[in-house]
Amino acid sequence: MPDFSRLRPHSSQGWLAWVLLAFILFFSVASDQFLSVQNLLDLAESYAVTGIFALGLFVVLVTGGIDISFAAVASVVQYLIASLFVQFQFDNAALSILLAIVCGTTFGVINALLITSLRVVSIIITISMQSLLFGLLMWVTGGKSLYSLPDWWITLRSVLPFTWQGNSFQIGLPLITMLVIAGLTALLLNKTNLGRQLYAVGGDAESARRIGIRVGLIHVFAYGWLGAMAAIGGLVQVYRMGEVVPNALVGGELDVLAATVLGGASLMGGKGTVSGTLMGVFLIAILKNGLNLIGVSNYFMNIVVGGVIMVAIAVTHYKKRKETDVSFV
């Protein structure tokens, strides 16, 4: 008899991979459009921004923190760069991107400094920052969208064109950007001393402090990293849509947080992988895309996605309790 025990997953990422495969097979049977090359490319491009945000948030979650303000930061950065062009015809691509990253990083650092200096729970500070930034943006702009943008920002570029069965396709800049950021994040967390310190702080901040890790600086780096990813994600979103809409990103934070937690990151810190985070992003993407293709109502779609997230979190916490259960009863 064949031994199937080797196929049994031994990690949350392994289970997630099986769940992904199951949904891919189901939607492939339910809709002949699902596995088309164009649909899969569109799917990946559509969720590239979510992936960039999730990779930034993942680094914060590793340290045991949480940040809800990244979408508001991205929106403010978008409008700032667009306004410089509209008001002053500032059209330097490299300097604009650098300025965006600096602004995003600054907002992240401010969050970290407020959290560490006031010793307030991170979710309280970041929700306050989200409300403050988004409120200021809508008040100053009056909710007005900007359509006059520099060519370097909205001109679609052919990055990796290829041919499949006689048809031409291309892997676009948003997906390439997300994959590059994923590689850099994996390198940071797995191959550097700083990455080990990030995990150590998330595992036990007090123990990390006792062995000489500067916990405050680690938090500053983590939140600054998310701020930079928020800025990059904001720029990529405008590249895809060709316009700056002040309220386009705010409200999607739950999908990003859910994808990160689905990928195996713990809200308590110290756990998770980059590959798991990407799988979490694409699980939500596949669910929403597949349900839409088979004609499921948007309202019911949210029920299904929410149910999958709840089950995944419940299984993860059950496994964690079993691992830490040392009772003799």
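Filter segment 54-91 for residues that are of a type outside the set (S, T, N, Q) and open to solvent by 10 Å² or more (accessible area, probe 1.4 Å) and give the result.
Taking segment 54-91 as the starting set, the residues that turn out to be of a type outside the set (S, T, N, Q) are 54-62, 64-68, 70-74, 76-77, 79-82, 84-86, 88, 90-91.
Correct list: Gly64, Ile66, Ile68, Val76, Tyr79, Leu80, Leu84, Phe85, Val86, Phe88, Phe90, Asp91.
Among the residues of segment 230-254, count how many are in a helix (DSSP H, G or I), within 16 Å of the chain's Cα centre (by Cα) and surrounded by fewer than 20 Cβ atoms within 10 Å (Cβ to Cβ).
Number satisfying all stated conditions: 1.
Restricting attention to segment 268-275, does a residue exist that is buried (at least 20 other Cβ atoms within 10 Å of the Cβ), touching a Lys or Arg at 6+ places or on another chain (Cβ under 7 Å), modelled with pLDDT under 90 and outside any helix (DSSP H, G or I)?
no
With the condition kept exactly as written, say whether any residue in segment 33-40 is closer than 21 Å to Leu136 by Cα and assigned to a helix (DSSP H, G or I). Steps first, please.
Our first condition is that a residue be closer than 21 Å to Leu136 by Cα; within segment 33-40, this holds for none.
No, because not a single residue in segment 33-40 is closer than 21 Å to Leu136 by Cα and assigned to a helix (DSSP H, G or I).
When you check Ile303 against the structure, is it surrounded by fewer than 21 Cβ atoms within 10 Å (Cβ to Cβ), modelled with pLDDT of 80 or more and not small (Gly, Ala, Ser), yes or no? Lay out the reasoning, then the answer.
Values: surrounded by fewer than 21 Cβ atoms within 10 Å (Cβ to Cβ): yes; modelled with pLDDT of 80 or more: yes; not small (Gly, Ala, Ser): yes.
The answer is yes for Ile303.
Tell me which residues, restricted to segment 198-220, are out of contact with any helix residue (DSSP H, G or I) (no Cβ under 7 Å at 6 or more places or on another chain) and either without any contact (Cβ under 8 Å) to a residue 12 or more places away in the chain or within 20 Å of Leu187 (Cα to Cα) (or both). Lay out the reasoning, then the answer.
Just the residues of segment 198-220 that are out of contact with any helix residue (DSSP H, G or I) (no Cβ under 7 Å at 6 or more places or on another chain), to begin with: 203-204, 206-207, 210-212, 214, 217.
Across segment 198-220, the qualifying residues are Gly203, Glu206, Ser207, Arg210, Ile211, Gly212, Arg214, Leu217.
Tell me, which residue of segment 74-100 that is among the polar types (S, T, N, Q) and assigned to a helix (DSSP H, G or I) is farthest from Leu226 (Cα to Cα)? Explain how you work it out, then say what you get.
The initial filter retains those residues of segment 74-100 that are among the polar types (S, T, N, Q), namely 75, 78, 83, 87, 89, 92, 96.
Still in the list and also assigned to a helix (DSSP H, G or I): 75, 78, 83, 87, 96.
Numbers: Ser75: 14, Gln78: 16, Ser83: 23, Gln87: 28, Ser96: 18 Å.
Ranking the candidates gives Gln87 first.
In this structure, does Leu20 turn out to be in contact with a Cys (Cβ under 7 Å, 6 or more places away or on another chain), farther than 23 Å from Ile115 by Cβ and in contact (Cβ under 8 Å) with a residue 12 or more places away in the chain? Please lay out each step first, then the result.
Working: in contact with a Cys (Cβ under 7 Å, 6 or more places away or on another chain): no; farther than 23 Å from Ile115 by Cβ: yes; in contact (Cβ under 8 Å) with a residue 12 or more places away in the chain: yes.
It is false that Leu20 is in contact with a Cys (Cβ under 7 Å, 6 or more places away or on another chain), farther than 23 Å from Ile115 by Cβ and in contact (Cβ under 8 Å) with a residue 12 or more places away in the chain.
Considering only residues that are open to solvent by 50 Å² or more (accessible area, probe 1.4 Å) and either among the basic types (Lys, Arg) or touching an Asp or Glu at 6+ places or on another chain (Cβ under 7 Å) (or both), which ones fall in segment 107-125?
Answer for segment 107-125, where residues must be open to solvent by 50 Å² or more (accessible area, probe 1.4 Å) and either among the basic types (Lys, Arg) or touching an Asp or Glu at 6+ places or on another chain (Cβ under 7 Å) (or both): just Arg119.
The values are calculated or read from the model by the stated rules, or taken from the named source; none is laboratory data. Just so we're clear, the structure is a prediction, and the values are computed from it rather than from any experiment. When we count neighbours, we look across all protein chains shown, and the Cβ atoms used for this are built from the backbone with ideal geometry, even at glycine. In case anyone asks, the SASA skips ligands and DNA or RNA and just uses the protein heavy atoms, side chains included. Shrake-Rupley method; radii C 1.70, N 1.55, O 1.52, S 1.80 Å.
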